[in-house]
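J.: Sharing a structure below in structure tokens format, with a few things to ask.
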Amino acid sequence: KRVVNRTEDGDIKNAQDYDTSGNIWRTYTLLERNDFDQPVKGKSFDADSTYLGTWSWQYIDGNRVGSSWEDSTGVQLVSRVGEVNDKGWVSKVTDVSINPESGDTT
């Protein structure tokens with residue numbers, strides 16, 4: 001499960017994912033928000049505080065339509081780009097995964 005931890009003022013401090021045994025699996029910190037207070041960029045850490053990388057999310061009209069993931073060395077491993085149709089719904093999503101060893105994409 002994911003638990004969002006907040007400051008006394010209600011701002012997001014971090015989010016933590018827990019495994020089925022109740023142990024912290026990942027921690028996510030927020031680096032940037034857009035004008036609508038939606039998260040757009042942050043960092044991820046393993047349970048032992050090892051830095052794993054940076055995540056980012058893209059929005060169109062408030063809908064999350066894209067995301068990307070860069071590992072701790074700055075190599076982009078995942079990219080998701082979506083399109084919004086004339087009704088304002090996400091209608092098409094393209095996912096690209098990059099093999100860090102070979103550079104091949106799927």
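The values are calculated or read from the model by the stated rules, or taken from the named source; none is laboratory data. Predicted model only: the values in this text are computed from it and were never measured. Here Cβ is always computed from backbone atoms with ideal geometry, including for glycine, and neighbour counts include all displayed protein chains. Surface areas here come from the heavy atoms of the whole protein model, side chains and all, with no ligands, DNA or RNA. Shrake-Rupley method; radii C 1.70, N 1.55, O 1.52, S 1.80 Å.
J.: Looking only at Gly66, Gly88, Gly53, which one moves most when the chain is put into a Gaussian network model with springs between Cα atoms under 10 Å?
T.: Judging by the Gaussian network model, the answer is Gly88.
J.: Of Tyr51, Tyr59, which has the most accessible area and how do the rest follow, probe 1.4 Å?
T.: Numbers: Tyr51 80, Tyr59 55 Å².
Of Tyr51, Tyr59, the descending order of accessible area is Tyr51, Tyr59.
J.: Relative to the Cα centre, what is the charge dipole magnitude of the chain, using +1 at the beta carbon of each Lys and Arg, -1 at the beta carbon of each Asp and Glu, and rounding to the nearest 20 debye? Could the numbers behind the result be given before it?
T.: Numbers: 12 positive and 18 negative charges, 51 e Å.
Using only the charged Cβ atoms, the result is roughly 240 debye.
J.: Further question: What are the aspartates and glutamates whose alpha-carbon lies under 14 Å from the alpha-carbon of Lys41, with same-chain residues fewer than 8 places away excluded?
T.: Excluding near neighbours in sequence, the set is Glu32, Glu70, Asp71.
J.: Let me ask something else. For the stretch 13-106, report the accessible area per residue in Å² (1.4 Å probe, heavy atoms, rounded to an integer).
T.: 67
J.: If you don't mind, another one. Keeping the other protein chains in place, figure out the carbon and sulfur percent of the accessible area of the chain, with a 1.4 Å probe.
T.: 46
J.: Additional query: Along the charge dipole of the chain, which of Phe45, Leu30, Thr7 sits closest to the positive end, that is, farthest toward it, with unit charges on the beta carbon of Lys, Arg, Asp and Glu (+1, +1, -1, -1)?
T.: Among Phe45, Leu30, Thr7, the one farthest towards the positive end of the dipole of the chain is Thr7.
J.: If you take volume of the Cα convex hull per residue in Å³ from the coordinates, which of [x] 177; [y] 103; [z] 139 do you get?
T.: The value computed from this structure is option [z].
J.: Further, regarding this structure: Can you say what percent of the DSSP beta bridges in the chain, counting only those with both residues inside, are antiparallel? Round to 5.
T.: DSSP beta bridges in the chain are roughly 100 percent antiparallel.
J.: Contact order normalised by length for the chain, with contacts defined as Cα pairs under 8 Å and 6 or more residues apart; what percent is it?
T.: Working: 214 pairs, mean separation 13.0, N = 106.
Relative contact order of the chain: 12 percent.
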